Amino acid sequence: MAYEGDELLESVTNKEYEFGFTTNIETDKAPNGLNEDIIRLISAKKEEPEWLLQWRLEAFHAWQKMTEPEWAHVKYTKPDFQAISYYAAPKNRQKYNSLDEIDPELRRTMEKLGISMEEQKRLSGVAVDFVMDSVSVATSFKEKLAELGIIFCSMSEAVKEHPELIKKYLGTVIPRSDNFYAALNSAVFTDGSFCYIPKGVRCPMELSTYFRINESGTGQFERTLVVADEGSYVSYLEGCTAPQRDENQLHAAVVELIAHKDAEIKYSTVQNWYPGDKDGKGGVFNFVTKRGLCEGNNSKISWTQVETGSAITWKYPSCVLKGDNSVGEFYSVAVTNNAQQADTGTKMIHIGKNTSSTIISKGISAGSSNNSYRGLVQINKSADNARNFSQCDSLLMTDHCGAHTFPYIEVKNKSAKVEHEATTSKIGEDQIFYCLQRGLSEEKAISLIVNGYAKEVLNKLPMEFAIEAQKLLAISLEGSVG
Amino acid sequence: MLEIKNLHARVEEKEILRGLNFEVKPGEVHAIMGPNGSGKSTLASVLAGKEEYEITGGEVSFKGKDLLAMSAEERAREGLFLAFQYPVEIPGVSNINFLKAALSEVREHRGLPQLTAKEFLALVNEKSKLVELDGQLTNRSVNEGFSGGEKKRNEVFQMAMLDPTLAILDETDSGLDIDALRIVANGVNAMRSPERSFVVITHYQRLLDFIVPDYVHVLYKGRIVKSGTKELALELEERGYDWIKEEVEAANA
Ligand SMILES: Nc1ncnc2c1ncn2[C@@H]1O[C@H](COP(=O)(O)OP(=O)(O)OP(=O)(O)O)[C@@H](O)[C@H]1O
Ligand SMILES: [Mg+2]
C-alpha cells in the first residue's frame, strides 16, 4: 500500500464524533457573563458558607488582574469570558438512593456513552460519581466506602458535610492565583468530586467520575480534590465526553492531589471531549490544571492520561515531590487529528531527598494537527540523589502534521541523575503492508500499530479503562477506508 | 491455482518485471531461483498486492479470479500468503494478538466459524510445534528482537496458522542454521497437500533437498528464462548463472 499522506488523511478524517448527541433534560442556567453577582449567585445556589464565597471572590479579583497565557504551541481565538454561562444545573434535582431512581433520559445518556452503570457496578465494582453539567447527579457505592471511612462525594456535598477537610486542603496544591485558568476555576467552579482516604486504608475499588458538558454555551469548571492520608492507597479514574457543538466550549478544570506519608494515588484520565469538525470548527477548549503533592515521605503519585479529544488541549499534570523518597510518574498518550492542537506534558519538581520521577509521553499526530510535549524536570538544591527518566516519542501519521518536544531541565543539585530520550517516527508503510498481507484491514492495521506504540502507557490503566482507551484510539484515528 | 500472463511491473520509472509468464497448479511446488536483483521479491510483492509497484501490463488469475483487481487484504483472505524475505517488526503488538486478529478476519472471509479462545490456543500450540517455535516467541511483540532465524520460523508459523492455498516463501531459508532449515522444511512438507501450492524463492539448492519441488524456474531480468525439474537446481549450483545469461543474450541478439 502506498501510504500517501492524503489517502491517510482521508481515511482518518472521515470518522464523525461518536458521542455527539445532547440530552433533553431541563436545566437551570445562569445568564451569560462573569461578575461578582454571578459568583454570589453560584455560591448561593449551592448554599455555600461565607468563607467559600469570599475565597471565590478573592480568586475572581486575582483573575481580573491576569492575562491569558500565550506561551503554548497552540493557536485559537480566545474565548469571550462574558459570553459564557457559568452555571447550569439539571432541574428537578432530587437526592437518589440508587441509580434506578435516576431520570431515564439521563440513564440513556450514560448508556450511549457506554458507561452502563449497572454493568460497571456488577462487573468491575467501580464507584461512579457522574458529573453532568456541573452538578453531581448520582453517587454509587457510597455506603460500602463509608464503612472504611472513605469519603467519595461531589464537591458541593463535601463543602456541606466535610467543611474542615475542604478548608484545610482546597487550593493548597494549586493556589488560586497559580495561573489564569486556575484562578477562573477557583472563582466559578460549580462542582466536581472530593475523595478522602483515611490512614492506612487501601481503597478496595477504582473510584471513577465521568464528566460531560451538556448545555450549549456553558463552560465546565469542575474541581477535584483527592486526599490520601498516611499509608493509604487509591486509584481514581476520570472519563470525559462532550456532545457535539459548533461553538467552542470552554473547560477549565482544576485537580489537586495530596499524598501523605507512605500514601499512593493513581489518577487515570481518558479524555474524549468533542474535538471539533474536520475543518477545525467547534470543539472543546480544554485548559486544565492538575497537580499532585507528594507531601509525606515515601509517597507516590502517578498520572496516566489518554487524550484523544478537544480542539485545544493545554494540560500539564504535575508532581511536587516534597517528601523524601517520594515518587512521581506521568504516562501519557495524546492523539491529535484533523485540526486539533495539543500542548501537554508534565512538571516534576524534586524537593525531597532520593525523589524519583518517570515521564513516558507518546504523541500521535494525524491530519494537519499539532501535537506538542512540554515538560519540566526541576531538581532543587535540597533534592539530593534525585532521579528522573523521561522518554518522549512522537508518531506521525501524515506528512503535514506537526510533532514538537519542549523538554526543560533545571538541575540545582549535582547528585542528580536526569535522563532524557526522544524519538520521532512515521507510521511504517511496511508495517501496514505486513498486516494487510495477513488479512487485516487497513483500519485494524493502524489500530494495532498505534496501540502497540502506546502500549507502555495503556498498560498503566486499569483493565476496563485500558480496553475503552484502545477503542478510543482506534476511533479517533480511523475512518471509512475506501 | 495461479496463472500469470505477460506481467509487467515497474517502480519509479524502472521496469522490473518484463513480460513474466508462470503457472502453478493445485498441489504443486515451484522453486524460483535467479541472480540478485532479478525481480524475485518484486514478483512476490506484486502478487501480494503491494501498491508501490505499478502494473503496466499482463494478467494474473488466482483460483479463477482476477488477482490484480483485489486489495492486498482480500488476496490474503482468499488464501495467498507471503513469507517475507525481511519480516517487519511491530513493537508492542504481541504475536498472539496479531495472529488472533488476522485469523479472525481470514475465517470470517472464508465463512468459517470463529474459534473460541481455547480452540485458538490449541491451534497455536499445534502449529508452533510444527516449526518448533519457542512458546515465548508467540507472546512477544511481532518479530521485535527476534533473531534472523526466529523471524523466518515465525513466518512459517503464521503460514501454518492462516492455512493458505498458495504460499510464497521468499528466501525463507536464508539465515537459518542447518537444524532450523530442516525444521522449517519439515513444517512446509507437513503442509503439502493436493489443494495447497507453494512458490519457493531461494538461492540454494540445499533447501530443495528438503522441500523437493515439482519444477524449478530461473528468473532473470524480470522474466522466467528457463524452467526445468529439480535437476536444474543442481546444474545451477554447479555452473552458476553465466551460461543462462549467455543463452538469454544469444537469443536476444
Ligand atoms: N521499491 C523499489 N524502489 C526502487 N527499486 C526497487 C524497488 N523494489 C525493487 N527495486 C529494484 O528492482 C530490482 C529487483 O529487486 P528484487 O528485490 O525483486 O530482487 P530479488 O530478485 O528479490 O533479489 P535478491 O536475490 O537480492 O533478493 C532491484 O534492482 C531493486 O533494486
Ligand atoms: Mg529478494
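Considering segment A:339-363 alone, what residues qualify as being crowded, with 23+ Cβ neighbours inside 10 Å and part of a loop (DSSP other than H, G, I, E, B)? Correct list: A:340, A:352, A:355. Here residue B:222 clears all of (1) surrounded by 17 or more Cβ atoms within 10 Å (Cβ to Cβ); (2) at negative phi; (3) of a type in the set (Gly, Ala, Ser) except the condition numbered (2). Regarding residue B:112, is this residue farther than 24 Å from residue B:41 by Cβ, within 13 Å of another protein chain (Cβ to nearest Cβ) and among the aliphatic types (A, V, I, L, M)? Spelling it out, residue B:112 is indeed farther than 24 Å from residue B:41 by Cβ, within 13 Å of another protein chain (Cβ to nearest Cβ) and among the aliphatic types (A, V, I, L, M). In summary, residue B:113 fulfils each of the numbered conditions (1) in contact with a helix residue (DSSP H, G or I) (Cβ under 7 Å, 6 or more places away or on another chain); (2) part of a loop (DSSP other than H, G, I, E, B) with the single exception of condition (1).
Taking the condition of a type outside the set (Val, Ile, Thr), crowded, with 17+ Cβ neighbours inside 10 Å and free of Cβ contacts under 8 Å to residues at least 24 places away in the same chain, does residue B:107 pass?
On the way: of a type outside the set (Val, Ile, Thr): yes; crowded, with 17+ Cβ neighbours inside 10 Å: yes; free of Cβ contacts under 8 Å to residues at least 24 places away in the same chain: yes.
Considered against the rule, which asks whether it is of a type outside the set (Val, Ile, Thr), crowded, with 17+ Cβ neighbours inside 10 Å and free of Cβ contacts under 8 Å to residues at least 24 places away in the same chain, residue B:107 comes out as yes.
Does segment A:404-423 include one or more residues that are in contact with a helix residue (DSSP H, G or I) (Cβ under 7 Å, 6 or more places away or on another chain) and assigned to a strand (DSSP E or B)? So that I can check it myself, show each step before the final result.
Taking segment A:404-423 first, the residues in contact with a helix residue (DSSP H, G or I) (Cβ under 7 Å, 6 or more places away or on another chain) are none.
Within segment A:404-423 (the criterion being in contact with a helix residue (DSSP H, G or I) (Cβ under 7 Å, 6 or more places away or on another chain) and assigned to a strand (DSSP E or B)), the answer is no, since none of the residues qualifies.
For (1) closer than 22 Å to residue B:105 by Cα; (2) surrounded by 23 or more Cβ atoms within 10 Å (Cβ to Cβ); (3) free of Cβ contacts under 8 Å to residues at least 40 places away in the same chain, each residue gets a yes or a no:
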site: B:130; (1), (2), (3): no, no, no
site: B:137; (1), (2), (3): no, no, no
site: B:147; (1), (2), (3): no, no, yes
site: B:159; (1), (2), (3): yes, yes, no
site: B:165; (1), (2), (3): yes, no, no
site: B:195; (1), (2), (3): yes, no, no
site: B:208; (1), (2), (3): no, no, no
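With respect to the stated conditions, residue A:466 fails to be out of contact with any strand residue (DSSP E or B) (no Cβ under 6 Å at 6 or more places or on another chain), of a type in the set (Gly, Ala, Ser) and at the interface with chain B (Cβ under 9 Å from one of its Cβ atoms).
Pull up segment B:87-104, narrow it to residues that are touching a residue at least 60 places away in the same chain (Cβ under 8 Å) and more than 7 Å from chain A (Cβ to nearest Cβ), then point me to the one that is surrounded by the fewest Cβ atoms within 10 Å (Cβ to Cβ). Spell out the reasoning first.
Going through segment B:87-104, the residues touching a residue at least 60 places away in the same chain (Cβ under 8 Å) turn out to be B:87, B:99, B:102.
Among the residues that remain, those that are also more than 7 Å from chain A (Cβ to nearest Cβ) are: B:87, B:99.
Numbers: B:87: 21, B:99: 23.
Among them, the one singled out is B:87.
Residues in segment B:191-240 that are within 15 Å of ligand 2 (Cβ to nearest atom) and touching a Pro at 6+ places or on another chain (Cβ under 7 Å) were compared, and the one that is modelled with the lowest pLDDT is B:220.
Just to be sure, is residue B:44 near ligand 1 (Cβ under 9 Å from one of its atoms), closer than 28 Å to residue A:440 by Cα and either modelled with pLDDT of 95 or more or within 18 Å of the chain's Cα centre (by Cα) (or both)? When the stated conditions are applied, residue B:44 passes them. Residues that are among the hydrophobic types (A, V, I, L, M, F, W, C) and either at pLDDT 95 or above or not in a strand (DSSP E or B) (or both) within segment A:321-338 comprise A:321, A:327, A:330, listed in sequence order. Candidates are the residues of segment A:424-439 that are among the charged types (D, E, K, R) and either assigned to a helix (DSSP H, G or I) or facing chain B (nearest Cβ under 7 Å) (or both); the one that is nearest to residue B:152 (Cα to Cα) is A:438. Hey, any hits in segment B:9-22 for a residue that's modelled with pLDDT under 95, more than 10 Å from ligand 1 (Cβ to nearest atom) and surrounded by 20 or more Cβ atoms within 10 Å (Cβ to Cβ)? Taking every residue of segment B:9-22 in turn, at least one turns out to be modelled with pLDDT under 95, more than 10 Å from ligand 1 (Cβ to nearest atom) and surrounded by 20 or more Cβ atoms within 10 Å (Cβ to Cβ).
Does residue B:37 satisfy the condition of being closer than 25 Å to residue B:243 by Cβ, at pLDDT below 95 and within 10 Å of ligand 1 (Cβ to nearest atom)? Lay out the reasoning, then the answer.
Values: closer than 25 Å to residue B:243 by Cβ: yes; at pLDDT below 95: yes; within 10 Å of ligand 1 (Cβ to nearest atom): yes.
Against the criterion (closer than 25 Å to residue B:243 by Cβ, at pLDDT below 95 and within 10 Å of ligand 1 (Cβ to nearest atom)), residue B:37 qualifies.
For segment A:440-463, residues that are within 18 Å of the chain's Cα centre (by Cα), more than 9 Å from chain B (Cβ to nearest Cβ) and crowded, with 23+ Cβ neighbours inside 10 Å total 1. Candidates B:107, B:75: the one that is outside any loop (DSSP other than H, G, I, E, B), within 14 Å of chain A (Cβ to nearest Cβ), under 30 Å from residue B:25 (Cβ atoms) and touching a helix residue (DSSP H, G or I) at 6+ places or on another chain (Cβ under 7 Å) is B:75. When segment B:67-86 is limited to residues that are within 16 Å of ligand 1 (Cβ to nearest atom) and among the aliphatic types (A, V, I, L, M), the one that is surrounded by the fewest Cβ atoms within 10 Å (Cβ to Cβ) turns out to be B:72.
In segment A:296-317, the count of residues that are in contact with a His (Cβ under 8 Å, 6 or more places away or on another chain) and surrounded by fewer than 24 Cβ atoms within 10 Å (Cβ to Cβ) is one or more. Tallying residues that are of a type in the set (D, E, K, R) and within 17 Å of the chain's Cα centre (by Cα) within segment B:78-104 yields 1. In summary, strands (runs of 3 or more DSSP E) completely within segment A:210-259 and bearing 1 or more residues that are at pLDDT below 80 and under 18 Å from the mean Cα position of the chain (by Cα) occur at A:233-241, A:248-251. Taking the conditions (1) away from ligand 2 (no atom under 11 Å from the Cβ); (2) at positive phi in turn, residue B:39 satisfies each one other than (1).
Within segment B:43-60, at least one residue is within 14 Å of another protein chain (Cβ to nearest Cβ), within 16 Å of ligand 2 (Cβ to nearest atom), not in a loop (DSSP other than H, G, I, E, B) and not hydrophobic (A, V, I, L, M, F, W, C). Answer with yes or no whether residue B:82 is within 16 Å of ligand 2 (Cβ to nearest atom), at pLDDT 95 or above and either outside any helix (DSSP H, G or I) or facing chain A (nearest Cβ under 10 Å) (or both). Answer is yes for this residue.
Taking segment B:127-246 and the helices (runs of 4 or more DSSP H) fully enclosed by it, the elements with 1 or more residues that are within 16 Å of ligand 1 (Cβ to nearest atom) are at B:148-162, B:205-210, B:230-239. Looking across segment B:1-26 at every residue that is in contact with a Gly (Cβ under 8 Å, 6 or more places away or on another chain) and more than 16 Å from ligand 2 (Cβ to nearest atom), the one that is farthest from residue B:168 (Cα to Cα) is identified as B:15.
The values are calculated or read from the model by the stated rules, or taken from the named source; none is laboratory data. Every value quoted in this text rests on a predicted model; they were computed, and no experiment measured them. Counting neighbours? That spans all protein chains shown, and the Cβs are built from the backbone with ideal geometry, glycine included.
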